[in-house]
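J.: The structure that follows is given in the form of structure tokens.
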Amino acid sequence: PRRWPPPWPRKDVYRPYTVSRCCLISRIFWRFCAFKITNRNAKMAEDKKKVLAVFDFDHTIINDNSDTWVVKLAPGGQAPDWLRQTYRNGYWTEYMENVFRYLHDNRIMPEDMLNFMGTIPYTDKMQDVLKFIGKHGTKFECIVISDSNTVFIETILKAGGVDHAVNNIFTNPAHFDKSNCLHVKPYHKHACKSCPVNMCKKTILLEYIGTKAQDGVVYDKVVYVGDGGNDLCPSKELSATDVVMPRKGYRLIKKIEKLAKDSLRAKVVPWESGREVLSVLKEC
């Protein structure tokens with residue numbers, strides 16, 4: 001009977017089956033390698049397919065308005081009438097610059113402001129939503145698009161222990177100067193007629209998705225969670241595979257209800273707390 005492996009080398013005996021079996025083993029080996037490479041490439045492609053979770057901040061992640069919250073530090077706990085009258089429709093960032101100067105004039109120090117911002121309440125169960133996203137970072141990518149400012153959002157997320165869950169924050173840049181006065185600038189200029197002069201969330205969202213696509217990251221689904229009127233513009237750009245989640249009782253859902261049926265392609269799922277948001281994300 002033939003043995004495998006044959007006594008090798010044998011110069012005196014010609015065994016043709018050894019050549020054929022070596023070829024067979026070689027073919028099996030290379031097919032195995034090809035299979036592993038194909039699976040690896042498929043896994044890499046799958047890893048780059050993610051769900052993009054987009055959040056507004058005020059009255060969405062937190063259950064208040066960060067800009068009006070800081071005004072409570074003013075004498076009497078509110079802005080005086082002359083200060084409120086400096087507001088121009090569509091120029092909220094300009095108004096907040098005036099508010100910060102007023103607080104500085106009344107000796108509100110950075111540590112006072114930051115500690116106070118850390119006490120702002122989160123929307124019910126929204127911290128659980130962000131923790132879930134952070135735990136499943138290979139599947140989800142999370143960004144915040146907000147008309148607040150960098151100092152407030154970063155401070156509040158860190159105080160809530162959920163800053164690790166947010167990949168990118170798009171908001172008005174802010175900083176404390178040498179005299180400890182907080183300053184805020186508009187995020188960008190844009191041509192959208194529907195949005196405030198300092199920020200168009202649609203432009204930010206589309207530019208972000210386009211930039212990530214150049215890096216090979218393709219989102220299977222976008223879940224947009226918001227509450228305000230300025231969240232309608234990006235919601236209109238979502239596709240039929242996406243989800244827009246307007247908060248019940250707020251401006252976004254009221255605006256959506258007034259739209260024609262074919263104005264939004266995305267599925268509309270209203271929410272009251274983070275429970276509904278978490279439920280949608282778990283189904284993704």
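J.: Can you tell me the FRET efficiency between Asn63 and Lys178 if r is taken as the Cβ-Cβ distance and R0 is 35 Å, rounded to the nearest 0.05? Walk me through the numbers before you get to the answer.
T.: On the way: r = 34 Å, r/R0 = 0.98.
Efficiency computed from Cβ-Cβ geometry: 0.55.
J.: Next question. For the pair Tyr87 and Thr241, how long in nm is the line joining their label points, each one 7 Å along Cα→Cβ?
T.: Label-label distance for Tyr87 and Thr241, simple model: 4.1 nm.
J.: Let me ask you something else. Mind ordering 86-94, 242-250, 216-224 by average Cβ neighbours within 10 Å, highest first?
T.: Answer by packing, highest mean first, reads 242-250, 216-224, 86-94.
J.: Still on this structure, please answer the following. Can you work out the FRET efficiency for the pair Asn106 and Glu207, with r the C-beta to C-beta distance and R0 = 41 Å, to the nearest 0.05?
T.: Calculated transfer efficiency: 0.60.
J.: Something else now. Under a cut-off of 16 Å between alpha-carbon atoms, report the aspartates and glutamates in cross-link reach of Lys258, not counting same-chain residues fewer than 8 places apart.
T.: List returned: Asp227, Asp231.
J.: Follow-up. Quick one: of Lys72/Lys193; Lys125/Lys212; Lys131/Lys254; Lys202/Lys261, which pairs are farther than 22 Å apart, Cα to Cα?
T.: Lys72/Lys193; Lys125/Lys212; Lys131/Lys254
J.: What percentage of the solvent-accessible surface of segment 47-112, computed with a 1.4 Å probe over protein heavy atoms, is contributed by carbon and sulfur atoms?
T.: 47 percent
J.: Let me ask something additional. Per residue, how much accessible area does segment 164-284 have with a 1.4 Å probe, in Å²?
T.: In whole numbers, segment 164-284 has 53 Å² accessible per residue.
J.: List every residue whose amide H lies under 5 Å from the amide H of Ser148, counting only residues 5 or more places away in sequence or on a different chain, with H placed 1.01 Å from N in the peptide plane.
T.: Asn172
J.: Now for a different question. For segment 87-112 and segment 142-179, what is the separation of their Cα centres, given in Å?
T.: Using only Cα atoms, the two centres lie 17 Å from each other.
J.: Also: Counting only heavy atoms of the protein chains, get the accessible area per residue of segment 99-160 (1.4 Å probe) and round it to a whole Å² value.
T.: Value returned for segment 99-160: 44 Å² of accessible area per residue.
J.: Here is a further query. Go through Cys284, Ile153, Cys200 and say which Cα lies farthest out towards the positive end of the charge dipole of segment 141-284; charges sit on Cβ, +1 for Lys and Arg, -1 for Asp and Glu.
T.: My answer, from the dipole projection, is Cys200.
J.: Can you pull the percent of segment 190-280's accessible area that's carbon plus sulfur, 1.4 Å probe, other chains left in place?
T.: On segment 190-280, the fraction of accessible area on carbon and sulfur atoms equals 50 percent.
The values are calculated or read from the model by the stated rules, or taken from the named source; none is laboratory data. Note that this is a predicted model, so its numbers are computed, not measured. With ideal geometry, Cβ positions are generated from the backbone for all residues, glycine too; neighbour counts draw on all protein chains shown. For the accessible areas, the whole protein counts, side chains as well, though only heavy atoms, and no ligand, DNA or RNA atoms are used. Shrake-Rupley method; radii C 1.70, N 1.55, O 1.52, S 1.80 Å.
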